[in-house]
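Working notes, beginning with the structure itself.
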There are 2 protein chains.
Amino acid sequence: MTSITMIEAAAGRLNGHARRTPLLTSPFLDEIAGRRVLVKPECLQVTGSFKFRGGWSAVSALAPEVRAKGVIAFSSGNHAQGVAAAAKGHGVPAVIIMPSDAPKLKIDNTRALGAEVVLYDRAKEDRDALGAKLAAERGLTLIKPFDEPLVIAGQGTTGLEIAAQAAELGVTEADVLVCCGGGGLTSGIALALEAKAPGLRARPVEPEGFDDVARSLKAGTIQRNDRLSGSICDAIVTPQPGDITFPILKRLCGPGLAVSEDEAMRAMALAFLRLKIVIEPGGAVALAAALFRPEAVAGDAVIAVASGGNVDADLFRQALERYA
Amino acid sequence: MTSITMIEAAAGRLNGHARRTPLLTSPFLDEIAGRRVLVKPECLQVTGSFKFRGGWSAVSALAPEVRAKGVIAFSSGNHAQGVAAAAKGHGVPAVIIMPSDAPKLKIDNTRALGAEVVLYDRAKEDRDALGAKLAAERGLTLIKPFDEPLVIAGQGTTGLEIAAQAAELGVTEADVLVCCGGGGLTSGIALALEAKAPGLRARPVEPEGFDDVARSLKAGTIQRNDRLSGSICDAIVTPQPGDITFPILKRLCGPGLAVSEDEAMRAMALAFLRLKIVIEPGGAVALAAALFRPEAVAGDAVIAVASGGNVDADLFRQALERYA
């Protein structure tokens with residue numbers, strides 16, 4: 001069970017390795033949202049997404065003799081790069097199982113970070129079974145993408161920074177919108193805010209049609225997505241919230257939000273124009289909700305986590321062509 | 001004459017208004033350059049460029065009764081936005097004289113920041129005369145773009161941050177490549193480094209064909225550019241180095257560098273891919289030199305200032321289409 005003590009310990013291990021991303025603002029975005037908008041650009045994190053935090057937190061906590069055998073992870077791309085970079089930073093091997101339809105940039109980057117990449121068919125193969133088999137064969141430690149207390153603790157360090165940075169800007173009461181897949185980032189941030197900034201409330205944001213977390217929160221029990229592919233927000237499409245993350249989300253988060261793919265693309269274009277940052281569709285849904293769902297958010301300010309920026313150039317160009 | 005005391009005083013006035021931009025890195029960029037590359041992304045600064053620092057420094061230093069009458073500035077765009085935002089932050093009017101061929105985004109943003117924009121023909125009209133006339137008529141204080149000690153002091157705060165952040169990363173000896181127009185940013189950084197990080201040496205970087213500063217440093221006397229328009233690096237095209245900035249550059253800077261427009265575009269695409277930041281051509285020349293002029297730089301590390309990100313979407317899309 002992840003606690004604030006574990007999150008603070010993870011922050012200590014991440015110190016000097018992960019980046020403390022700033023909190024960005026723009027009067028142009030404030031005008032669209034009708035309130036102050038503070039953006040936490042985790043696209044500027046090492047490997048281009050928050051996933052490095054969880055990867056480093058987990059790999060750095062392993063016993064040295066266990067870590068030396070190597071780690072394995074399955075991921076559509078951002079967790080892959082986070083774990084690959086964390087393994088490289090510790091000088092140990094990494095095997096990454098990736099869906100064959102993951103963005104090419106993410107596959108290439110994962111390989112370039114020194115990992116062995118094993119591709120699988122997202123529709124036909126069971127990545128969990130494949131991962132377990134490889135782990136057993138080679139003595140690798142599986143680093144789960146979200147349903148793992150050490151990973152949640154690492155992602156929670158984002159929440160520690162948000163609490164401190166928002167207070168510096170005079171914001172102590174606000175919704176904190178978080179791009180949500182399996183719930184690792186959202187639950188980690190929620191735990192950090194509970195301890196450090198009780199006036200800030202984490203809320204998951206998902207793409208329409210893949211809103212398993214919002215529906216699970218509403219139902220009070222874990223709900224699944226019907227589809228698992230076909231979204232440009234690939235980074236945050238998961239079958240269902242985690243067994244470990246969901247109880248945390250249920251206890252601490254406000255209602256979930258969902259935005260369309262077009263709204264995510266518009267948010268990408270606005271982040272380009274107004275914040276000068278590059279975000280991927282899955283990393284843009286929280287900003288999209290902050291900008292285009294003002295009626296669903298309360299208060300004078302809203303905080304949006306821009307969770308990652310690993311987007312293929314073609315898709316980014318499309319967003320600019322349509323909306324910039 | 002700008003001193004380190006003035007730069008530190010400017011840092012005090014900027015505190016809580018300007019952003020302390022991070023120092024970004026990527027193993028992919030290190031590999032291209034053949035050494036560690038540290039990037040100071042001033043595109044993430046308020047108004048999307050370092051110019052906010054100088055604008056705020058100058059406007060905040062005016063006597064209240066002088067400031068209340070308003071300020072005036074001439075600029076191809078980034079200084080315009082910096083002064084407009086600084087004036088707005090102090091609640092005083094701003095008149096900005098801009099060339100009619102400035103990027104539309106910069107003109108629009110300057111107006112949206114509450115300034116009155118006056119357009120002029122860069123080839124036919126004398127912007128200095130136009131500015132002086134308007135200033136006299138309305139009692140406005142002219143905020144020069146670079147040849148003004150308070151503006152240089154504001155830009156120099158970038159150097160204070162670089163000195164501290166590079167030391168944190170263990171870098172105490174390196175060239176600091178700075179995108180250079182009139183020399184305000186470069187001279188301010190050079191003064192800050194002289195006092196705070198004597199192992200770091202500022203070096204101006206310009207677009208080929210507009211390398212007045214490099215030629216002036218080589219000649220030992222101020223040299224002019226033949227052309228004043230026709231560069232995509234519009235943000236850093238100036239007739240010649242300033243009378244105040246040049247002696248500072250001459251005393252403290254290493255030799256200047258120049259890169260092609262194509263190299264600037266390639267650096268923009270690499271900053272998109274590897275750092276997840278948006279930089280404009282004129283803000284990309286220092287990174288381009290760090291990546292593509294390795295033989296002209298000494299040492300195990302190089303620091304590049306990415307000075308601004310106010311680029312029209314069409315041009316950015318072209319950079320991605322060609323090089324990402």
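Per the listing B:THR21, B:THR2, the residue uniquely at pLDDT below 95 and buried (at least 20 other Cβ atoms within 10 Å of the Cβ) is B:THR2. Tallying residues that are free of Cβ contacts under 8 Å to residues at least 60 places away in the same chain and outside any helix (DSSP H, G or I) within segment B:231-259 yields 8.
Rundown of residues vs (1) within 19 Å of the chain's Cα centre (by Cα); (2) in the same structural domain as B:GLU173 (by TED's automatic domain parsing); (3) of a type in the set (Gly, Ala, Ser); (4) under 15 Å from A:LEU44 (Cβ atoms), yes/no style:
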| site | (1), (2), (3), (4) |
| --- | --- |
| B:HIS17 | yes, yes, no, no |
| B:PRO22 | yes, yes, no, yes |
| B:ALA33 | no, yes, yes, no |
| B:VAL39 | yes, yes, no, yes |
| B:GLU65 | no, no, no, no |
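Pick out the one residue from A:THR158, A:THR172 that is surrounded by fewer than 24 Cβ atoms within 10 Å (Cβ to Cβ), outside the structural domain of A:GLN81 (by TED's automatic domain parsing) and among the hydroxyl-bearing types (Ser, Thr, Tyr).
Sole residue among the options that is surrounded by fewer than 24 Cβ atoms within 10 Å (Cβ to Cβ), outside the structural domain of A:GLN81 (by TED's automatic domain parsing) and among the hydroxyl-bearing types (Ser, Thr, Tyr): A:THR172.
Looking at segment B:295-314, is at least one residue assigned to a helix (DSSP H, G or I), away from chain A (no Cβ under 14 Å) and surrounded by fewer than 21 Cβ atoms within 10 Å (Cβ to Cβ)? Within segment B:295-314 (the criterion being assigned to a helix (DSSP H, G or I), away from chain A (no Cβ under 14 Å) and surrounded by fewer than 21 Cβ atoms within 10 Å (Cβ to Cβ)), the answer is yes, since at least one residue qualifies. For the criterion of being at pLDDT below 95 and either assigned to a helix (DSSP H, G or I) or among the hydrophobic types (A, V, I, L, M, F, W, C) (or both), B:LEU228 passes.
Every residue, every condition in (1) in contact with a strand residue (DSSP E or B) (Cβ under 7 Å, 6 or more places away or on another chain); (2) closer than 27 Å to A:VAL66 by Cβ, yes or no:
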| residue | (1), (2) |
| --- | --- |
| A:ILE97 | yes, yes |
| A:ALA102 | no, no |
| A:ALA115 | yes, yes |
| A:LEU119 | yes, yes |
| A:LYS124 | no, no |
| A:ARG127 | yes, yes |
| A:LEU134 | yes, yes |
| A:LEU140 | yes, yes |
| A:ALA153 | no, yes |
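Output the number of the condition that B:HIS90 fails; it satisfies all remaining conditions of (1) touching a residue at least 12 places away in the same chain (Cβ under 8 Å); (2) more than 14 Å from chain A (Cβ to nearest Cβ); (3) within 30 Å of B:PRO247 (Cα to Cα). Status for B:HIS90: all satisfied but (3). Looking only at segment B:26-80, count every residue that is more than 30 Å from B:ALA324 (Cβ to Cβ), of a type in the set (A, V, I, L, M) and out of contact with any helix residue (DSSP H, G or I) (no Cβ under 7 Å at 6 or more places or on another chain) and tell me the total. Here the count works out to 4. Exactly one residue among B:LEU320, B:LEU270, B:LEU291 is at the interface with another protein chain (Cβ under 10 Å from one of its Cβ atoms) and over 18 Å from the mean Cα position of the chain (by Cα), and that residue is B:LEU320.
Can you find even one residue in segment B:159-170 that is out of contact with any helix residue (DSSP H, G or I) (no Cβ under 9 Å at 6 or more places or on another chain) and either among the hydroxyl-bearing types (Ser, Thr, Tyr) or not in a helix (DSSP H, G or I) (or both)? The answer is yes, given that some residue of segment B:159-170 is out of contact with any helix residue (DSSP H, G or I) (no Cβ under 9 Å at 6 or more places or on another chain) and either among the hydroxyl-bearing types (Ser, Thr, Tyr) or not in a helix (DSSP H, G or I) (or both).
For beta carbons closer than 6 Å, sequence separation of 6+ or different chains, a first residue in segment A:152-174 that is at pLDDT 95 or above and a second that is acidic (Asp, Glu), there are no qualifying pairs. Just to be sure, is B:GLY70 under 15 Å from B:ARG13 (Cα atoms) and in contact with a Gly (Cβ under 8 Å, 6 or more places away or on another chain)? In short, no. Among residues of segment B:101-126 that are within 14 Å of another protein chain (Cβ to nearest Cβ) and more than 17 Å from B:ASP234 (Cα to Cα), those with a beta-carbon under 6 Å from a residue that is among the hydrophobic types (A, V, I, L, M, F, W, C) and crowded, with 21+ Cβ neighbours inside 10 Å at least six positions away or on a different chain give the pairs B:LEU113/B:ALA84; B:LEU113/B:ALA85; B:ALA115/B:ALA84; B:ALA115/B:ALA94; B:ALA115/B:ILE96.
Can you tell me which residues in segment A:6-42 are within 21 Å of A:PHE52 (Cβ to Cβ), assigned to a helix (DSSP H, G or I) and free of Cβ contacts under 8 Å to residues at least 24 places away in the same chain? A:GLY12 - this is the single residue of segment A:6-42 that is within 21 Å of A:PHE52 (Cβ to Cβ), assigned to a helix (DSSP H, G or I) and free of Cβ contacts under 8 Å to residues at least 24 places away in the same chain.
Quick check on segment B:43-63: of everything there that is within 14 Å of chain A (Cβ to nearest Cβ) and small (Gly, Ala, Ser), which residue is farthest from the chain's Cα centre (by Cα)? Taking the candidates together, the pick is B:GLY48.
Of all the numbered requirements in (1) over 18 Å from B:ASP212 (Cβ atoms); (2) at pLDDT 95 or above, B:SER260 misses one, and that requirement is (1). Please go through segment A:65-101 and pick out each residue that is surrounded by fewer than 22 Cβ atoms within 10 Å (Cβ to Cβ) and in a loop (DSSP other than H, G, I, E, B). Listed by number, the residues that qualify are A:ALA68, A:LYS69, A:GLY70, A:GLY91, A:VAL92, A:PRO93, A:SER100, A:ASP101.
The values are calculated or read from the model by the stated rules, or taken from the named source; none is laboratory data. Source: prediction; values computed, not measured. Heads up, the Cβs are rebuilt from the backbone with ideal geometry, glycines too, and the neighbour counts pull from every protein chain shown.
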